[in-house]
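Worksheet: the structure to be examined is printed underneath.
The values are calculated or read from the model by the stated rules, or taken from the named source; none is laboratory data. Predicted model only: the values in this text are computed from it and were never measured. Here the Cβ positions follow ideal geometry from the backbone for every residue, glycine too, while neighbour counts run over all protein chains shown. The accessibility values were calculated without ligands, DNA or RNA, using every heavy atom of the protein model including side chains. Shrake-Rupley method; radii C 1.70, N 1.55, O 1.52, S 1.80 Å.
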Amino acid sequence: MDNQLRYEASSDSAAMSAKSPPEGASWRDFVTVTKPGIIRSNLIAAFAGYWVASGWDVQYGRLILTLMGTMLVMASACVFNNFFDRDLDMKMERTRDRGLPTGRLKPTTVLLYAIGLGILGLFVLFAFSGILAGLFGIVGMFVYVVVYTLWLKRTSTWSTSVGAISGAMPPVIGYVAVTGRVDLGAWLLFAMLFLWQPPHFWALGIRRKEEYRAAGFPLLPVVKGTRRTQFQMIPYVVLLIPIPFIMYAYDYAGIFYLIISAGLSIAWLILNLRGFQAKDEEAWAKKSFFFSINYLTISLIVLVLNTIHG
């Protein structure tokens, strides 16, 4: 009887909660919708691109404005992503408590927020970082919002690989803000970020495979399985290995960057190869995911510290 009363009481409480209006949005909701974790890592990459192009002869005012414009453009793209994915975010445990799925943020408000951030960010880039920086900002936004979010993310396993183009734009924006041209340095920075993203995100996808399946995302681990995903991660990591050697050979970075970044790439490759024998796939995927974060952070910091003086 007591159990029945407790059940009815909890049911009534749940019903009242379901009918009660959502709490008002806080400033944290407006920050969260910009995906600050993504912005933070990409700002480091944009800073590295600017620094490498400068060769330690840095115009700090222009650097700050370039980082500001890049941050606003990335934030805009992420807010657009949250706006268009709000229905799918309601189905995933890790996203259902965000401002949009809960109703704390109104869709119209979020859409206007995204548009405003994008206009301001592109204005800053075009006005203070150069035409090329602004154009690459547009490319990053278009790929992330239109190609990735509205098209491939819902229809194809290629979403991660193609979407990586947008994630590789920040260091290129930083680089061309200094040089005003696309040369080997820009391509190497693009390659580093582009090749890093798929194995990084697929490791997360393996960990959260059932969540993505329930939400209806055709992510590679969901459609093709863990083993196929592990095979597809390998060439991306292998192709990361030559990058520090080329950076060193063409005097973009010194020997410390070469040793540390190449060593990290090889260590990541070994970790991913060991995944084929892993008894606990989720535990292995967690290790690979966190290693990838440390790989990128350490590589970019060492690249900055060991940039060759111009």
With under 21 Å from the mean Cα position of the chain (by Cα) and within 18 Å of Gly24 (Cα to Cα) as the only criterion, which of Asp87, Asp97 stands out?
Asp97
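Sort out for me the helices (runs of 4 or more DSSP H) sitting completely within segment 222-307 that have 1 or more residues that are out of contact with any His (no Cβ under 7 Å at 6 or more places or on another chain), within 22 Å of Phe194 (Cβ to Cβ) and among the basic types (Lys, Arg). Please lay out each step first, then the result.
Numbers: elements: 226-240, 242-249, 255-274, 281-305.
Where helices (runs of 4 or more DSSP H) fall fully within segment 222-307 and carry at least 1 residues being out of contact with any His (no Cβ under 7 Å at 6 or more places or on another chain), within 22 Å of Phe194 (Cβ to Cβ) and among the basic types (Lys, Arg), they are 226-240.
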Checking Pro242 against (1) open to solvent by 30 Å² or more (accessible area, probe 1.4 Å); (2) within 21 Å of Ala168 (Cα to Cα); (3) touching a residue at least 12 places away in the same chain (Cβ under 8 Å), which single condition isn't satisfied?
(3)
Quick one: would you say Tyr212 is more than 23 Å from Trp268 (Cα to Cα) and touching an Asp or Glu at 6+ places or on another chain (Cβ under 9 Å)?
no
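Might you let me know whether segment 147-170 holds any residue that is open to solvent by less than 20 Å² (accessible area, probe 1.4 Å) and over 29 Å from Ala267 (Cβ atoms)? Walk me through it before giving the result.
In the first step, residues of segment 147-170 are kept if they are open to solvent by less than 20 Å² (accessible area, probe 1.4 Å); the result is 149, 152, 159-161, 163-164, 166-170.
Okay, now just the ones that are also over 29 Å from Ala267 (Cβ atoms), so 149, 152.
Yes, segment 147-170 contains at least one residue that is open to solvent by less than 20 Å² (accessible area, probe 1.4 Å) and over 29 Å from Ala267 (Cβ atoms).
Please go through segment 178-209 and pick out each residue that is charged (D, E, K, R) and either open to solvent by 50 Å² or more (accessible area, probe 1.4 Å) or at pLDDT below 95 (or both).
To start, the set of residues in segment 178-209 that are charged (D, E, K, R) comprises 181, 183, 207-209.
Listed by number, the residues that qualify are Arg181, Arg207, Arg208, Lys209.
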Hey, can you tell me all the residues within segment 250-282 that are touching a residue at least 60 places away in the same chain (Cβ under 8 Å) and touching a Lys or Arg at 6+ places or on another chain (Cβ under 8 Å)?
Glu282
Selection from segment 119-146 of residues surrounded by fewer than 22 Cβ atoms within 10 Å (Cβ to Cβ) and either in contact with a Pro (Cβ under 6 Å, 6 or more places away or on another chain) or not hydrophobic (A, V, I, L, M, F, W, C) (or both) yields Gly130
So Phe217 ticks every box in (1) of a type in the set (A, V, I, L, M, F, W, C); (2) part of a loop (DSSP other than H, G, I, E, B); (3) at pLDDT 95 or above but one. Which box is left unticked?
(3)
